[in-house]
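J.: Before I ask anything, let me first share the structure, which is written out below as structure tokens.
The values are calculated or read from the model by the stated rules, or taken from the named source; none is laboratory data. What you are looking at is a predicted structure, and each value in this text was computed from that prediction instead of being measured. For neighbour counting, all protein chains shown are included, and Cβ atoms are generated from backbone atoms with ideal geometry for every residue, glycine included.
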Amino acid sequence: MPDPQFLTISQARTLLDRREISAVDLTRAVLDEVERVDGRVRAYTTVTADLALEQARLADERIARGDAGPLTGIPACIKDVICTDGVRTTCSSRMLEEFVPPYDAHVVERLKACGIVMIGKSNMDEFAMGSSTENSAFFATHNPWDLGRVPGGSSGGSAAATAAGECLFALGSDTGGSIRQPAALCGVVGVKPTYGRVSRYGLVAFASSLDQIGPFTRSVRDAALVLDALIGHDDRDSTSVALEAPNLTAALDGSGPDLRGLRAGVPREYLPDNLDPLVRANFLEAIEVIRGLGAEVTFDVSLPSTDAALAVYYVLAPSEASANLARYDGVKYGFGYQQGGSMWENMERTRQLGFGDEVKRRIMIGTYALSAGYYDAFYLKAQKVRTLIRREFDAAFTNCDVLLTPVAPTPAFRLGEKTNDPVAMYFSDVFTIPVNIAGLPGASVPSGFIEVGGKPLPVGLQVIAPTFAEAQMLRVANAYEQATNWHERHPLL
Amino acid sequence: MLHVAKLARIGLTDEDVVKFQGQLSQILEHFDVLNQIDTDGVEPTTHTLPLQGIARPDEPAPSLSQEAAVANAPARQDGYLRVRAVLEE
């Protein structure tokens, strides 16, 4: 058995229910680890130690009463883009540095009802815009596998915390890859559900047609447990679907260890000629494992509009962001510059001082794309290409049950390596973005390590499924995980 | 670009203008790939779900108290949000 802070949720559940460990002791082990390593990893923006211990005490009472659920007493980290009642929620921005939400997000309500323990809120790229967590207005998060490298982004804090034993699971958000990419770079499982599966009520909005909340965990089964708690209709999110609860954990537990009968496809656009050879080699090894489990894998799949997906995303997401971030005007909440001569001057200075560079860039791109004279050429055009991208996935899924791709074009890059080149940074998400554009579910599962500078750096395998086919997606990820056990390795800090 | 910044209500210094101008041009160049794709007769996708016109019954229900709603306001007075004069003489 690993140390308590490195237990999976499933392992912790067994020990908690058998009273071999208390929720309070488990929480203390995690808090001790936070104290031991977070000075170097910097995953957390806010640690809620007293609250966590109080929640742990209540969880222990529940367990004693025989009233525990799968997540009762489990220590978790919540990305700082998700509203937590009474607990500072900053989106890693000066704009919200002192913002205390007066309500819980839907997902937080759900997890509280399950009896989780909230260790704290995690660092991120400001307003979820970025791929390295270097855009945080406060500090960068460091990859636990090599502290000189990024954890990925925008949910870098959540990914790093999960990898480093600073929580047993975390919540993140994914708009263009912000769960899957950091999961791959940190060697943990990260899942973005189908758009509409998890309510966005209380998720600070970045791009409303792309954002989804999802879990970071240390095993695929754990991801199913968390998703089962999060998925479901919520009246307060008009894009939340009303479908029967999928019971992903039961589906996983009921499925065999092999993949006989599965048809998997690898779209050729995801293995470009210029792909890092070590990433390519790792991916092809993963494919061999999948084949070894009995699946039929074809490389004869093409999604021709893949090359346009980055442009589609960088028109649509900033456009939606320019609308969503218009609310930060220094009047209702958040930072508000008061020394200007007029309301408009106050507003302009508020946004000048409150937002970081990447946020400003994206708001301006979006404003431009939506402005009179440019709307048709950019925004409307991007929406039409979006239709084509989705159609191509739908066509691929007539012959394939899942699609398999690398998650990121490289393992974790060095801090500061891409900060001067926004476009180079954007390319980190080239394999994850199309999944958001099409609204499909995608999972990143650890697929091994690539040695760089004498240190092993994690890489991930992406499993993409048709809409609402999370059970199928997780079955494939789980079978692969059980055949490889990469998830049993932890960074040495 | 100054026009865009005005629309977005983001104040920019002269250095900002220089910095952002180059970066934004670079980003906008990448959008060119969209123009090479034939989208004649293709409907735009505004969002990926087959949901339309989701509304709730128009019935009042409990919501945030006024106190909670203005608790985070940078400038408050008597439960109101304070701003500088909106209409300029």
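J.: Scan A:157, A:120 and give me the residue that is in contact (Cβ under 8 Å) with a residue 40 or more places away in the chain and either within 25 Å of residue A:456 (Cβ to Cβ) or of a type in the set (D, E, K, R) (or both). Give the derivation first.
T.: On the way: A:120 fails: either within 25 Å of residue A:456 (Cβ to Cβ) or of a type in the set (D, E, K, R) (or both).
It is A:157.
J.: Report yes if some residue within segment A:8-18 is of a type outside the set (Phe, Trp, Tyr), closer than 19 Å to residue A:186 by Cα and assigned to a loop (DSSP other than H, G, I, E, B); otherwise report no. So that I can check it myself, show each step before the final result.
T.: First, the residues of segment A:8-18 that are of a type outside the set (Phe, Trp, Tyr): A:8-18.
Going one step further and asking which of them are closer than 19 Å to residue A:186 by Cα, we end up with A:8-9.
Cutting the leftovers down to assigned to a loop (DSSP other than H, G, I, E, B) gives us A:8.
Yes, segment A:8-18 contains at least one residue that is of a type outside the set (Phe, Trp, Tyr), closer than 19 Å to residue A:186 by Cα and assigned to a loop (DSSP other than H, G, I, E, B).
J.: Which members of segment B:47-64 meet the condition of being surrounded by 10 or more Cβ atoms within 10 Å (Cβ to Cβ) and closer than 28 Å to residue A:441 by Cα?
T.: Applying the first criterion (surrounded by 10 or more Cβ atoms within 10 Å (Cβ to Cβ)) to segment B:47-64 yields B:47-49, B:51, B:54, B:64.
Scanning segment B:47-64 gives B:47, B:48, B:49, B:51, B:54.
J.: Residue B:41 is checked against (1) on the phi > 0 side of the Ramachandran plot; (2) more than 7 Å from chain A (Cβ to nearest Cβ); (3) surrounded by 13 or more Cβ atoms within 10 Å (Cβ to Cβ) and fails just one. What number does that condition carry?
T.: Unmet for residue B:41, out of (1) on the phi > 0 side of the Ramachandran plot; (2) more than 7 Å from chain A (Cβ to nearest Cβ); (3) surrounded by 13 or more Cβ atoms within 10 Å (Cβ to Cβ): (3).
J.: Check residue B:20 against each of (1) facing another protein chain (nearest Cβ under 7 Å); (2) free of Cβ contacts under 8 Å to residues at least 12 places away in the same chain; (3) over 19 Å from residue A:313 (Cβ atoms); (4) out of contact with any helix residue (DSSP H, G or I) (no Cβ under 6 Å at 6 or more places or on another chain) and name the one condition it does not meet.
T.: Condition not satisfied by residue B:20: (2).
J.: Now for a separate question. Can you tell me which residues in segment A:362-373 are more than 8 Å from chain B (Cβ to nearest Cβ) and surrounded by fewer than 24 Cβ atoms within 10 Å (Cβ to Cβ)?
T.: Within segment A:362-373, A:370, A:372, A:373 qualify.
J.: Ok, one more. Out of A:365, A:437, A:450, which single residue is touching a residue at least 40 places away in the same chain (Cβ under 8 Å) and outside any helix (DSSP H, G or I)?
T.: A:450
J.: Across segment A:453-469, what is the number of residues that are closer than 17 Å to residue A:265 by Cα and part of a strand (DSSP E or B)?
T.: At the first step, the residues of segment A:453-469 found to be closer than 17 Å to residue A:265 by Cα are A:460-467, A:469.
Narrowing further to those that are part of a strand (DSSP E or B): A:460-464.
Total satisfying the criteria: 5.
J.: When residues of segment B:23-35 are filtered for being more than 8 Å from chain A (Cβ to nearest Cβ) and either polar (S, T, N, Q) or in contact with a Ser or Thr (Cβ under 8 Å, 6 or more places away or on another chain) (or both), how many remain?
T.: The qualifying residues number 1.
J.: In addition: Taking the residues in segment A:198-236 that are among the charged types (D, E, K, R) and either out of contact with any helix residue (DSSP H, G or I) (no Cβ under 7 Å at 6 or more places or on another chain) or away from chain B (no Cβ under 12 Å) (or both) as candidates, determine which candidate is farthest from residue B:50 (Cα to Cα).
T.: By that ranking, first place goes to A:218.
J.: Just to be sure before I move on: is residue A:36 basic (Lys, Arg), more than 19 Å from the chain's Cα centre (by Cα) and modelled with pLDDT of 95 or more in the structure I sent? Please lay out each step first, then the result.
T.: On the way: basic (Lys, Arg): yes; more than 19 Å from the chain's Cα centre (by Cα): yes; modelled with pLDDT of 95 or more: yes.
So residue A:36 fits the description; yes.
J.: I'd like to verify a number: residues in segment B:52-81 that are β-branched (Val, Ile, Thr) and either more than 10 Å from chain A (Cβ to nearest Cβ) or closer than 20 Å to residue A:103 by Cα (or both), how many?
T.: Taking segment B:52-81 and keeping what is β-branched (Val, Ile, Thr), we get B:54, B:70.
Subsequent filtering for residues that are either more than 10 Å from chain A (Cβ to nearest Cβ) or closer than 20 Å to residue A:103 by Cα (or both) retains B:70.
Final tally of qualifying residues: 1.
J.: Of the residues A:359, A:385, which single one is touching a residue at least 24 places away in the same chain (Cβ under 8 Å), more than 8 Å from chain B (Cβ to nearest Cβ) and part of a helix (DSSP H, G or I)? First the steps, then the outcome.
T.: Details: A:385 fails: more than 8 Å from chain B (Cβ to nearest Cβ).
Step by step, each of A:359, A:385 is checked, and only A:359 is touching a residue at least 24 places away in the same chain (Cβ under 8 Å), more than 8 Å from chain B (Cβ to nearest Cβ) and part of a helix (DSSP H, G or I).
J.: Any idea how many residues of segment A:4-33 are more than 25 Å from the chain's Cα centre (by Cα) and in contact (Cβ under 8 Å) with a residue 60 or more places away in the chain?
T.: Number satisfying all stated conditions: 1.
J.: Considering only residues that are facing another protein chain (nearest Cβ under 8 Å) and in a loop (DSSP other than H, G, I, E, B), which ones fall in segment A:339-353?
T.: A:340, A:341, A:342
J.: Just checking, does segment B:3-11 include any residue being over 17 Å from the mean Cα position of the chain (by Cα), exposed (fewer than 13 other Cβ atoms within 10 Å of the Cβ) and more than 7 Å from every other protein chain (Cβ to nearest Cβ)? So that I can check it myself, show each step before the final result.
T.: If we filter segment B:3-11 for residues that are over 17 Å from the mean Cα position of the chain (by Cα), which is where we start, we get none.
Taking every residue of segment B:3-11 in turn, none turns out to be over 17 Å from the mean Cα position of the chain (by Cα), exposed (fewer than 13 other Cβ atoms within 10 Å of the Cβ) and more than 7 Å from every other protein chain (Cβ to nearest Cβ).
J.: Any residue at all in segment A:404-418 that's more than 23 Å from residue A:132 (Cα to Cα), more than 10 Å from chain B (Cβ to nearest Cβ) and in contact with a Leu (Cβ under 7 Å, 6 or more places away or on another chain)?
T.: Step one: filter segment A:404-418 for residues more than 23 Å from residue A:132 (Cα to Cα), giving A:404.
Filter once more, so that each one left must be more than 10 Å from chain B (Cβ to nearest Cβ): A:404.
Remaining after also requiring in contact with a Leu (Cβ under 7 Å, 6 or more places away or on another chain): A:404.
Yes, that holds for at least one residue.
J.: Looking at segment A:392-426, which of its residues are modelled with pLDDT of 95 or more and not in a loop (DSSP other than H, G, I, E, B)?
T.: A:392, A:393, A:394, A:395, A:396, A:402, A:403, A:404, A:405, A:406, A:414
J.: Picking from A:148, A:165, which residue would you name as being more than 15 Å from the chain's Cα centre (by Cα) and surrounded by fewer than 24 Cβ atoms within 10 Å (Cβ to Cβ)? Talk me through it step by step, then tell me what you get.
T.: Values: A:165 fails: surrounded by fewer than 24 Cβ atoms within 10 Å (Cβ to Cβ).
Within the list A:148, A:165, the selection yields A:148.
J.: Within segment A:358-366, identify whether any single residue is within 20 Å of the chain's Cα centre (by Cα) and among the acidic types (Asp, Glu), and answer yes or no.
T.: Looking for residues that are within 20 Å of the chain's Cα centre (by Cα) and among the acidic types (Asp, Glu), one finds at least one in segment A:358-366, hence yes.
J.: Would you call residue A:296 in contact (Cβ under 8 Å) with a residue 60 or more places away in the chain, surrounded by fewer than 19 Cβ atoms within 10 Å (Cβ to Cβ) and more than 14 Å from every other protein chain (Cβ to nearest Cβ)? Don't jump to the end; show me each part of the working.
T.: Values: in contact (Cβ under 8 Å) with a residue 60 or more places away in the chain: no; surrounded by fewer than 19 Cβ atoms within 10 Å (Cβ to Cβ): yes; more than 14 Å from every other protein chain (Cβ to nearest Cβ): yes.
For residue A:296, the condition - in contact (Cβ under 8 Å) with a residue 60 or more places away in the chain, surrounded by fewer than 19 Cβ atoms within 10 Å (Cβ to Cβ) and more than 14 Å from every other protein chain (Cβ to nearest Cβ) - is not met.
J.: Could you grab me the full set of residues in segment A:299-338 that are within 11 Å of another protein chain (Cβ to nearest Cβ), without any contact (Cβ under 8 Å) to a residue 60 or more places away in the chain, surrounded by fewer than 23 Cβ atoms within 10 Å (Cβ to Cβ) and not in a helix (DSSP H, G or I)?
T.: A:329, A:331, A:332, A:337, A:338
J.: Hey, another quick one. Taking the condition of being among the hydroxyl-bearing types (Ser, Thr, Tyr) and crowded, with 23+ Cβ neighbours inside 10 Å, how many residues in segment A:1-60 meet it?
T.: Start the filter on segment A:1-60 by keeping residues that are among the hydroxyl-bearing types (Ser, Thr, Tyr), which leaves A:8, A:10, A:14, A:22, A:27, A:44-46, A:48.
Keeping just the survivors that are crowded, with 23+ Cβ neighbours inside 10 Å gives A:27, A:44-45.
Final tally of qualifying residues: 3.
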